[in-house]
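Each reported figure results from applying straightforward, stated rules to the coordinates on display, with no laboratory input. None of the values given here were measured: they were computed from a predicted structure. Here the Cβ positions follow ideal geometry from the backbone for every residue, glycine too, while neighbour counts run over all protein chains shown.
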Amino acid sequence: MKKTLFIFSIFLFIACASDDDKAKIDGANQFVSGIEKFEKNKELADKGFDSFESGDLEGLFALVSDDLIWNPPHVDSLSKDDYVLGMKGWHSEFENFKFTERQYFPGVDDSLYLPNGSVRAYGVWKYNHKASGTEFSTKYYSVSEFDESGLQTVIYEFFDRGDIFLKLQ
């Protein structure tokens, strides 16, 4: 009887919840789910930066979807093939990459502003030009979105690309 009364009281409690309370509960559940996805994807983003630093480009490329949309600072909506060429280009001209001062924050969806599993990364890239030895320190920001299998589907990158070329002149 106590068990039946307990179950009935829980049912009554849930049934009496207002639409506002249900929306708050749903929002809290979405928040928790988004943070859990972010924590998993943050590790994947970190692994990608580590792969780039160490020159493991094949490992880096394995972390992105075949349908990747790459948005570097000078253009947008490039393909995975363009991304592969771009990363190889960086490594052909520069060396000793270190991504320092790494900070990761959850991205949010555009409607409810709740965490959606995307990862915002901030930091400073330190590297040098192979031919001239010129050292660089470039502030960097990116936003990465992931699919359910953990592959990056969209990468937005923001940094001062022009400063790099000015120093090389």
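What ranking do 133-139, 153-159 get when scored by the average of other Cβ atoms within 10 Å per residue, highest first?
153-159, 133-139
Per Stokes-Einstein, at 37 °C and 0.692 mPa s, what whole-number D in µm² s⁻¹ belongs to the stretch 23-168, with the Kirkwood radius over Cα pairs as the hydrodynamic radius?
204
In whole Hz and in residue order, list the ³J(HN,Hα) couplings for the stretch 123-135 that follow from phi through the Karplus curve 6.51 cos²θ - 1.76 cosθ + 1.60, θ = phi - 60°; x for Gly and Pro.
x, 10, 8, 10, 6, 9, 7, 4, 6, 9, x, 4, 8
Taking R0 as 41 Å, what FRET efficiency do you get between Asp82 and Ala28 from their Cβ-Cβ distance, rounded to the nearest 0.05?
0.55
Quick one: 3J(HN,Hα) in Hz for the stretch 39-46, Karplus 6.51/-1.76/1.60 with θ = phi - 60°, rounded, Gly and Pro as x.
4, 5, 6, 4, 5, 5, 4, 4
Can you list residues whose amide H is under 5 Å from Ile69's amide H, if they're 5+ apart or on another chain and H is modeled 1.01 Å from N?
Val154, Ile155
Give me the extension gain from Tyr122 to Leu57: residue separation times 0.36 nm, minus the current Cα-Cα distance, reported in nm with one decimal.
21.3 nm
In whole Hz and in residue order, list the ³J(HN,Hα) couplings for the stretch 142-147 that follow from phi through the Karplus curve 6.51 cos²θ - 1.76 cosθ + 1.60, θ = phi - 60°; x for Gly and Pro.
Per-residue couplings from phi come out as 9, 10, 10, 10, 10, 8 Hz.
With the contact rule set at Cα under 8 Å and sequence spacing of 6 or more, what percent relative contact order holds for the stretch 29-169?
Relative contact order for the stretch 29-169 comes out at 26 percent.
Using mean Cβ contacts within 10 Å as the protection proxy, how do 107-116, 32-41 order, highest first?
32-41, 107-116
Between Asn116 and residues 5 or more places away or on another chain, which pairs have amide H atoms under 5 Å apart, with H built 1.01 Å from N, and which residues are they?
It is Gly107, Val108, Asp109, by chain and number.
Relative to the present Cα-Cα distance, how much length would full extension add between Lys98 and Asp147 at 0.36 nm per residue of separation?
Stretched fully, the Lys98-Asp147 segment lengthens by 15.0 nm.
Once you put a point 7 Å from the Cα of Phe158 and another 7 Å from the Cα of His129, both along the Cβ direction, what distance in nm separates them?
2.7
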